[in-house]
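So the structure is just underneath, and the comments pick up after that.
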Amino acid sequence: MNAVNAADKKIEIRHMILSDWNDISRIYNDGIKTGIATFETEVPDREAWDKNHIKECRLVAIYGDVLSGWCALSHVSSRPVYSGVAELSIYIGTNYRGKGIGGSLMDELINESWQCNIWTLQSIIFPENKASLMLHKKYGFRIVGTREKIAKINNIWHDTLLLERRSNII
């Protein structure tokens, strides 16, 4: 697919394959541990995760020789009028943040989404997740609104920001 150089290592972006699951779940768990990446408290099993994500829009980043990040899209609704609207998930392993991996994944995923007739990408981000907010804004996402006290983790209410990006196919 795509490869870029980041400092002294190459970042390769490719489609996710079944054998990537252990690394994907490890990286997802890294995000869960931050407390500001997802409302999930544990990694779902592979079958549940697979069922909830669009098959064509699942990418991984290989940094050096390590699977260091992943991204995927999920449909936001089963209604036909929303067939081109998808929610983006992007996770980078703890030891690989700040190396350009998120941007490499985002570049490729945006291109993949256009090919799948996705006209709106949306993300739901905790306001405290500054790195994710900066990445999304860099790639043309705008904040649509704040959802105050939308859900709670460990008995603590949290706000989220809803961000969206329109594709150039509209």
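Does Ile118 satisfy the condition of being part of a strand (DSSP E or B), farther than 20 Å from Asn29 by Cβ and more than 13 Å from the chain's Cα centre (by Cα)?
On the way: part of a strand (DSSP E or B): no; farther than 20 Å from Asn29 by Cβ: yes; more than 13 Å from the chain's Cα centre (by Cα): yes.
When the stated conditions are applied, Ile118 does not pass them.
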Q. Does at least one position in region 125-138 carry a residue that is in contact (Cβ under 8 Å) with a residue 24 or more places away in the chain, basic (Lys, Arg) and touching a strand residue (DSSP E or B) at 6+ places or on another chain (Cβ under 6 Å)?
A. no
Q. Since Pro127 meets every condition but one in (1) touching a helix residue (DSSP H, G or I) at 6+ places or on another chain (Cβ under 8 Å); (2) closer than 24 Å to Ile24 by Cβ, which condition does it not meet?
A. (2)
Q: Answer yes or no as to whether Ser104 is touching a Leu at 6+ places or on another chain (Cβ under 7 Å), buried (at least 22 other Cβ atoms within 10 Å of the Cβ) and over 25 Å from Ile153 (Cβ atoms).
A: no
Q. Lys9 versus (1) in contact with a Phe, Trp or Tyr (Cβ under 6 Å, 6 or more places away or on another chain); (2) over 26 Å from Arg166 (Cβ atoms); (3) at pLDDT 95 or above: which is the lone unmet condition?
A. (3)
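Can we say Tyr63 is out of contact with any Asp or Glu (no Cβ under 6 Å at 6 or more places or on another chain), under 18 Å from Phe141 (Cα atoms), among the aromatic types (Phe, Trp, Tyr) and buried (at least 18 other Cβ atoms within 10 Å of the Cβ)? Steps first, answer last, please.
Working: out of contact with any Asp or Glu (no Cβ under 6 Å at 6 or more places or on another chain): yes; under 18 Å from Phe141 (Cα atoms): no; among the aromatic types (Phe, Trp, Tyr): yes; buried (at least 18 other Cβ atoms within 10 Å of the Cβ): yes.
Judged against the criteria, Tyr63 is not a match.
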Q: Mind listing whichever residues of region 124-156 are farther than 20 Å from Thr41 by Cβ and in a strand (DSSP E or B)?
A: Arg142, Ile143, Val144, Gly145, Thr146, Glu148
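Restrict the check to region 70-90 and report whether at least one residue is more than 22 Å from Gln122 (Cα to Cα), at pLDDT 95 or above and surrounded by fewer than 17 Cβ atoms within 10 Å (Cβ to Cβ). Write out each step before concluding.
In the first step, residues of region 70-90 are kept if they are more than 22 Å from Gln122 (Cα to Cα); the result is none.
No - not one qualifying residue is present in region 70-90.
The values are calculated or read from the model by the stated rules, or taken from the named source; none is laboratory data. Predicted, not measured: the structure shown is a model, and the values here were computed from it. Note that we place each Cβ from the backbone using ideal geometry, even for glycine, and neighbour counts take in every protein chain shown.
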